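For reference, the structure discussed in these notes is given below.
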Amino acid sequence: MIGKDTTFGRRMMDLGWVLLLLVVLWPLMLVIAAMILIRDGWPIFYVSERMRSPTRGFMLLKFRSMSNVDSDSGVSGGDKAHRITKTGHFMRRYRLDELPQLFNILKGDISFVGPRPPLRRYVERFPALYGEVLKERPGVTGLATLIYHRTEERLLADCATPAETEAVYERRCVPRKARLDLIYARRRTLCSDQRLTVATVFRRLPPVYRKRNHR
């Protein structure tokens, strides 16, 4: 169980990092917003409900990387690839589309490190699993994100229909990411959070985690 001192320490660490990054990155964020507006038009942001607990949702912010459609649901797979804009391809390559999530961290919706916040539909589909995973505050990055992100992208890229994307995500991605999130939660410290934050920037997992997860 997470102690109050540890929770407070993580929140202070989040606020310190997010204020520093907003000061440094706001010119880049303005440039990206202008690029989207000029090349792709409105809206600049993609807003999607995600869950911070099994019963409490929030609106997650991203820079819009896809063309608009009247209805959109579920995770992104090969069936949605044709909707990714040229600006979106560039942003996704460097995860720049996720920069607006700094404001979600500032509000306290998410942390820098934690399980990726799921859509409500998956929490309702797997209530017992997410009941455990979401005991931790969701985050922008985490062990599951660093280890499984590329594998998930590859698996979903091969899906040709929304139904296939849903089936692959629920069968192959949800349980594996949840397992990694729960493993990390049991061993989590402020130092390990710092290591994963730095690892996300440089896209290189610390050796201790590579060895542990290749056994």
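The values are calculated or read from the model by the stated rules, or taken from the named source; none is laboratory data. Since the structure is predicted, the reported quantities are computational estimates derived from the model, not experimental observations. With ideal geometry, Cβ positions are generated from the backbone for all residues, glycine too; neighbour counts draw on all protein chains shown. Just so you know, the surface numbers come from the protein's heavy atoms only, side chains and all, with ligands and any DNA or RNA stripped out. Shrake-Rupley method; radii C 1.70, N 1.55, O 1.52, S 1.80 Å.
Numbers below:
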| read-out | value |
| --- | --- |
| Among Gly108, Gly9, Pro118 - extreme Cα towards positive end, dipole of region 1-138, charges at beta-carbon | Gly9 |
| Most fluctuating residue given options Tyr94, Tyr46, Tyr130, as computed from a GNM of the chain linking Cα atoms under 10 Å | Tyr94 |
| For region 1-109, size of Cβ-based charge dipole, Lys and Arg +1, Asp and Glu -1, in debye | 160 |
| For Arg52, distant residues with modelled amide H under 5 Å away | Gly57, Phe58 |
| Whole-Hz ³J(HN,Hα) from phi, Karplus 6.51 cos²θ - 1.76 cosθ + 1.60, for region 158-166, glycine and proline x | 7, 7, 9, 9, x, 5, 5, 4, 4 |
| Mean Cα-pair separation over length for the chain, i.e. relative contact order, pairs under 8 Å, 6 or more apart, % | 21 |
| Charge tally in the Cβ shell below 9 Å around Phe45, where Lys, Arg are +1 and Asp, Glu are -1, Phe45 excluded | +2 |
| Sequence-distant residues sharing a close amide H with Tyr46 (under 5 Å, placed H) | Lys62, Phe63, Arg64 |
| Dipole of the chain, positive direction: furthest Cα of Tyr184, Thr200, Ile84, with charges on the beta-carbon | Tyr184 |
| Paramagnetic reach from Val47 (point 7 Å along Cα→Cβ, amide N under 18 Å) across region 79-105 | 98-105 |
| Residue-averaged [θ]222 nm for the chain, counting only DSSP H segments that reach four residues, each worth -39500 (n - 2.57) | -17500 deg cm²/dmol |
| Where only C-alpha atoms are counted, convex hull volume of the chain per residue in Å³ | 125 |
| The chain, accessible surface, carbon-and-sulfur percent (1.4 angstrom probe) | 60 |
| For Ser76, net neighbour charge (Lys/Arg +1, Asp/Glu -1) across residues whose Cβ lies under 12 Å away | -2 |
| Calculated on alpha-carbon atoms, Rg and Dmax of region 1-111 in Å | 15.9, 48 |
| Alpha-carbon centroid distance for the pair region 73-145 / region 1-66, whole angstrom | 10 |
| Karplus-derived HN-Hα couplings along region 14-28 (A = 6.51, B = -1.76, C = 1.60, θ = phi - 60°), whole Hz, x at Gly and Pro | 4, 5, x, 5, 5, 5, 4, 5, 5, 5, 6, 9, 4, x, 5 |
| Average accessible area per residue (Å²) across the chain - probe 1.4 Å, nucleic acids and ligands excluded | 57 |
